[in-house]
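The values are calculated or read from the model by the stated rules, or taken from the named source; none is laboratory data. Given the structure is predicted, the values throughout are model-derived calculations rather than measurements. Positions of Cβ are generated from backbone atoms using ideal geometry, with glycine treated the same way; all protein chains shown enter the neighbour counts. With ligands, DNA and RNA removed, areas are computed over all heavy atoms of the protein, side chains included. Shrake-Rupley method; radii C 1.70, N 1.55, O 1.52, S 1.80 Å.
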Amino acid sequence: TGVDTGAIVITVQENPVINRIVLEGNKRIKDDKIAPEIQLKPREIFTRSKVRADVDRIIELYKRQGRFAARVEPKIVQLDQNRVDLIFEIYEGDKSKVRRINIVGNEQFSDARLRKEMYTRQAGGFLGFLKSNDTYDPDRLAADQQKLRAFYLTEGYADFRVVSALAELTPDRRNFIITYVIDEGPRYKFGTVEAESALRDLPKEKIMELVHIQPGSWFNAKAVEDAVTSLNEVAGNLGYAFADISPAYNRDPQAHTMSLTFRVRETPRVYVERIDINGNTVTHDKVVRREFRVNEGDAFNAIKIKRSQDRVQSLGYFQQNIEIK
């Protein structure tokens, strides 16, 4: 046919078998914490893809500690019979700091004022070496957004939102720069403040006496939260241990007012069915029971329960704090 022909020789070399796995350079995280993250095991076949996956898992472990500059270099030592020792050389690095916190969109409050509301602090500055909250923590980043929102909601900015929160690692992987973009929105005042109640023992007139919110004052979500807490305590003392109390808002974006109605819905009263006493080894049940200000069959009363706990504690028989639940 005029076509040259020849033999093709294919040489196949098997991947080696892992003899042992060694960790070097790790001081901050001990072997027993890293070993479970390594999927490769002795007597298994060595492959580069599996090694890369194990490297990523080890680095992720260090990231959870805030060490984003950590590096892991895998090395192999050739042995006889197509075996290798696999060595992970670990360079742990320092914890990554928050070098700077930028805030974009704030007009009513300065960057410095808003930074005071955050858990995270910028690294450096006077006595910076004493700080423990200047390392980067993604969970703390989420908490800081909630802190910012809570602050603005106490200052009347009911439409406040965090548009974005971006944490950027510097090229040397040693520090983070965090940037918040926020939208403050307009400032609101309380409009009308009213109450509705389905409980005979807690009429709306009583609710209004307990709610210390003045119409026309600046909107404050914390004041509303405190009012609901107070109402729950009063309802609990009346025997409504799980009272359904909620604030209903009516926002007027044109007038920038927030009207408020405290709604107390009917719920069944809770009664004390049985009083069990556990853990008393130095005295009889009757000694403890006679200090209780509530009896079986009484309506649940939070104040009397607390008074009972204090009286039992004052007996002096119990070293640890007692718990009523």
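Cα centroids of the range 77-108 and the range 7-51: 20 Å apart. Rounded to the nearest 20, the size of the Cβ-charge dipole of the range 81-122 about its Cα centre is 260 debye, with Lys and Arg at +1 and Asp and Glu at -1. For the range 91-188, carbon and sulfur atoms together expose 49% of the accessible surface, with a 1.4 angstrom probe and every protein chain in place. Measuring nothing but how far apart in sequence close Cα pairs (under 8 Å, 6+ apart) lie, relative to its length, the range 153-246 scores a relative contact order of 28 percent. Net charge of the neighbourhood of residue 25, taken over other residues with C-beta under 13 Å away and scored Lys/Arg +1, Asp/Glu -1, is +1.
Based on protein heavy atoms only, the range 59-168 ends up with 55 Å² per residue of surface accessible to a 1.4 Å probe. As a length-normalised measure over Cα pairs under 8 Å and 6 or more apart, the relative contact order of the range 41-116 settles at 23 percent. Each principal axis of the Cα cloud of the range 172-218 was evaluated for its coordinate range; sorted largest first, these ranges are 67, 24, 15 Å. Computed 3J(HN,Hα) for the range 89-102, one whole-Hz value per residue from the Karplus formula 6.51 cos²θ - 1.76 cosθ + 1.60 where θ = phi - 60°, is 8, 10, 10, 6, x, 8, 5, 6, 9, 8, 6, 8, 10, 9, glycine and proline marked x. Listed values for the range 109-114 are Karplus-derived 3J(HN,Hα) couplings in whole Hz (6.51 cos²θ - 1.76 cosθ + 1.60, θ = phi - 60°), namely 10, 6, 4, 4, 5, 6, and x replaces Gly and Pro. With the charge dipole of the range 106-248 set up from +1 on Lys and Arg Cβ and -1 on Asp and Glu Cβ about the Cα centre, the Cα lying farthest toward the positive end among the listed residues 195, 177, 106 is that of 177. Estimated at the nearest 10 Å², the accessible area of residue 230 is 50 Å² with a 1.4 Å probe. Can you tell me how the range 28-125 classifies by the Cα gyration tensor, rounded, prolate or oblate, using a/c under 1.5 as the rounded cut? Prolate, because a/c is 1.5 or more and a/b exceeds b/c.
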